[in-house]
1. Go through Thr434, Thr461 for me and flag whichever is more than 20 Å from Ile553 (Cβ to Cβ), out of contact with any strand residue (DSSP E or B) (no Cβ under 6 Å at 6 or more places or on another chain) and hydroxyl-bearing (Ser, Thr, Tyr).
2. Between a first residue in the stretch 80-91 that is in contact (Cβ under 8 Å) with a residue 60 or more places away in the chain and a second residue that is of a type in the set (Asp, Glu), which pairs have beta carbons less than 8 Å apart while being 6 or more apart in sequence or on different chains?
3. Can you pull out every residue in the stretch 427-463 that is within 26 Å of Gln193 (Cα to Cα), touching a Leu at 6+ places or on another chain (Cβ under 9 Å) and among the aliphatic types (A, V, I, L, M)?
4. Here is a list of conditions, (1) more than 23 Å from Leu243 (Cα to Cα); (2) in contact (Cβ under 8 Å) with a residue 60 or more places away in the chain, and Leu339 meets all of them except one; can you say which number that is?
5. Enumerate the strands (runs of 3 or more DSSP E) found wholly within the stretch 420-533, keeping only those where 2 or more residues are touching a helix residue (DSSP H, G or I) at 6+ places or on another chain (Cβ under 8 Å) and not assigned by TED's automatic domain parsing to the domain that holds Pro319.
6. Leu537: closer than 30 Å to Glu183 by Cβ and modelled with pLDDT of 80 or more, yes or no?
7. Within the set of pairs 6 or more residues apart or between chains, which connect a residue that is modelled with pLDDT under 85 inside the stretch 609-620 to a residue that is charged (D, E, K, R) and in a loop (DSSP other than H, G, I, E, B) with Cβ atoms less than 8 Å apart?
Amino acid sequence: MEVSKTLAEDIHNKAEHSPSYNGVLIESLRNALDKYMTPKEIDRIHHAYLFGADAHLNQKRISGEPYIYHPVQVAQIMAELRLDAVTISAGLLHDVLEDTDITKKQLSKQFGDVVAEVVDGVSKLPKLKFESKEISQAKNFQKMLLAMAKDPRVILVKLSDRLHNMRTIHHLSVSKQKRIARETLDIYAPLAQRLGMDKIRLELEDLSFQVLYPLRYMILKRAVIRHGKHKELANKMLAHLRLHLDSSEFSYHMYGRSKHLYSIYRKMKERKHSLTQIFDIYAVRIIVSDIDHCYRMLGLLHNLFRPVPGRFKDYIALPKPNGYQSLHTVVVDPQGVKLEVQIRTKEMEEFAESGIAAYAFYKIGEADKSATTHLWVQNLLNLQEKTKDNSSEYMENLKAELFPAEVYVFTPKGEIIVLPRKATALDFAFAIHTDVGLSTSRVRVNGNIEVLNYRLQSGQTIEVITSDTAAADSRWLEFVVTAKARSAIVQHLKNIESYEAVELGRYLLQQALASYQYRLADISKSRMKEVLSSLELKDENELFVEIGLGRQIPSLVMALLTDVAHTDTHLALEIEPEAIVKGVKGTIVACAKCCYPIPGDAIVGTLNPGKGLVIHREGCANTQNKKVKKILLNWSSKPNDTSEYSTAIRIVVPHRRGVLATLASKIAQTGSNIEDVLLDEQGMGSAAITFVISVRDTNQLNKIIRRISQAFEGVRVSRVGPS
């Protein structure tokens with residue numbers, strides 16, 4: 001099949017009008033489409049390309065390239081997945097509603113309602129002024145999920161768009177790179193995994209890993225290259241296996257592959273293993289003709305090599321929630337070399353690589369795949385409804401729901417219920433029905449009575465015992481793991497505790513005020529209104545609820561409502577380590593990133609809308625504005641406290657080979673973790689290196705500074721922030 005001459009000619013004309021235009025991009029897209037599309041379908045894509053090129057004609061990317069490069073490469077990613085003409089057309093047009101004057105009505109007229117709806121689903125909300133970046137992020141995800149529920153092609157375009165943006169992320173500022181990479185790792189990579197799109201997921205993870213932890217990425221990459229011995233030993237095992245397979249009746253295809261860096265890193269972190277203890281850096285896939293041959297191949301493999309107990313997983317009989325199917329096993333040869341082997345059919349292999357895209361689930365004949373996807377998206381939309389007033393809670397629940405489930409348990413009737421790892425018996429009850437979960441009194445696991453926080457294991461049969469007198473308990477939130485259970489419990493507690501929380505909060509605030517001879521009636525309406533606005537609360541009752549439920553500290557609210565913390569130098573609120581949750585909206589206390597306060601520092605607090613109380617070091621430039629309301633603070637003196645805090649040091653050191661590794665080693669020897677490294681060439685034979693590190697207090701920080709100062713001649717070490 002040949003692509004229409006019209007497309008080739010128009011591509012050439014576009015290239016003529018843009019001297020820097022890289023015609024290889026279009027040539028590659030054309031070749032990919034030529035393999036599976038009809039000329040008529042290619043003409044539709046050609047029309048979308050021309051329309052998009054004209055719409056973005058005078059626009060450039062931050063890299064300086066013509067903007068149309070981006071949509072074309074997004075289309076290329078989708079063409080490699082063999083997606084249909086509608087999806088690829090939407091990919092070429094995915095930014096026209098957001099970044100040009102083109103309207104949805106114009107798109108509908110040119111390409112039909114389906115393409116227009118997909119493009120609209122991918123587009124962010126109009127640039128409205130949201131209260132915070134997190135609220136804006138949540139609203140845009142909610143919009144995308146609604147569109148995805150109508151047409152799952154929306155997410156295929158979005159994932160392809162995000163993948164190309166991650167491939168070209170180095171053109172952005174470091175702070176923006178990290179924000180986008182974190183969002184990708186938290187949301188888009190798990191989303192790709194949940195949809196079975198493993199090829200895209202793995203690349204998104206590795207690209208995000210490289211941006212977020214460049215030093216760890218570089219060290220691990222070098223270590224994996226040096227660890228090539230495992231691959232050589234694995235290849236010897238493969239050669240031995242081929243000898244037996246070639247003499248059998250099996251029709252098969254076998255190949256080896258190295259694990260992706262982020263997969264290795266995550267496994268090392270979860271298991272607290274070194275690289276030498278991770279035996280499945282190199283894995284083997286065996287593709288056979290049908291399911292029967294999968295199990296026969298497994299039998300042959302286990303006859304040749306000893307299987308490792310507990311490492312066999314049958315995802316054919318019990319597929320993953322995203323539809324993934326395969327047999328997984330780990331075997332060991334007589335020399336002790338371990339190897340992970342995956343056995344699957346060709347159809348399973350296609351789905352493992354491309355997920356829902358491989359099955360074109362929006363086509364006739366794949367109703368089961370479409371129904372599964374639609375049901376899962378509907379669950380995410382239900383989360384949206386339950387947390388519509390709390391964007392932070394919605395994003396946390398969304399992240400929890402995106403991570404893959406790995407526990408398969410049964411109801412007494414034999415129905416399979418799939419739950420996340422570490423799911424409890426109570427999570428199972430909520431998976432059956434919200435009302436069942438809220439009225440659960442006891443559970444039986446394989447016939448035995450167990451506690452509600454009992455962690456489930458695959459293969460168990462669970463029976464839930466309910467009672468009319470059972471009542472949801474706030475302590476349940478300490479152990480349930482599913483988003484459905486958490487949101488249902490929180491909503492229920494809000495309903496039944498509203499009155500009690502108001503009364504308790506009122507009492508606690510009155511007690512705090514009374515300790516300084518104040519009454520609630522003494523607080524002026526204007527002062528109360530100012531504090532409510534700062535805390536983003538509607539009225540006094542909502543303030544009392546926040547205090548009653550433990551989300552606001554009574555003494556802190558008292559200090560905000562009065563001038564005690566500004567006039568009485570003997571008063572300083574104590575900051576508990578467990579109250580600090582860095583970088584999360586809605587938490588009570590957060591440490592400022594401008595001056596990195598740690599225990600041992602003299603500190604003050606400022607109240608920031610949307611961030612709560614922010615701790616700064618005394619003297620920080622960001623607290624010097626007279627309009628900024630400061631509160632005196634002290635660190636609490638808890639015995640044996642092992643909490644760690646982020647801080648930053650700047651080191652100016654002479655240029656020499658291996659200086660970065662030496663500095664990192666000196667820091668590691670003190671028991672501190674390195675969170676980030678920023679390099680700044682100073683010229684004149686020196687370099688400035690900023691390390692963001694985690695420490696317990698100023699004593700540990702001073703030890704680190706002394707150790708580095710003694711390691712080099714002429715080194716200058718200073719702390720980032722006020723001196």
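1. Just one listed residue meets the conditions, Thr434.
2. Going by the 8 Å Cβ cut-off, the qualifying pairs are Asp84/Glu41; Gly91/Asp161.
3. Result: Ala429, Ala431, Leu456.
4. (1) is the only condition that Leu339 fails.
5. On the way: elements: 440-445, 448-450, 462-466.
Here the list reads 440-445, 462-466.
6. On the way: closer than 30 Å to Glu183 by Cβ: yes; modelled with pLDDT of 80 or more: yes.
So Leu537 fits the description; yes.
7. Listed by first residue and then by second, the contacts come to Pro609/Glu131; Pro609/Glu536; Gly610/Glu131; Gly610/Glu536; Gly610/Lys585; Lys611/Lys585.
The rows are residues; the columns are (1) in a strand (DSSP E or B); (2) surrounded by 15 or more Cβ atoms within 10 Å (Cβ to Cβ); (3) of a type outside the set (A, V, I, L, M, F, W, C).
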position: Lys666; (1), (2), (3): no, yes, yes
position: Asp676; (1), (2), (3): yes, yes, yes
position: Ala687; (1), (2), (3): yes, yes, no
position: Val692; (1), (2), (3): yes, yes, no
position: Asn699; (1), (2), (3): no, no, yes
position: Asn702; (1), (2), (3): no, no, yes
position: Arg706; (1), (2), (3): no, no, yes
position: Ser709; (1), (2), (3): no, no, yes
position: Glu713; (1), (2), (3): no, no, yes
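The values are calculated or read from the model by the stated rules, or taken from the named source; none is laboratory data. Owing to the predicted nature of the structure, the values given are computational and were not obtained by experimental measurement. Note: ideal-geometry Cβ built from the backbone for every residue, glycine included; neighbour counts use all protein chains shown.
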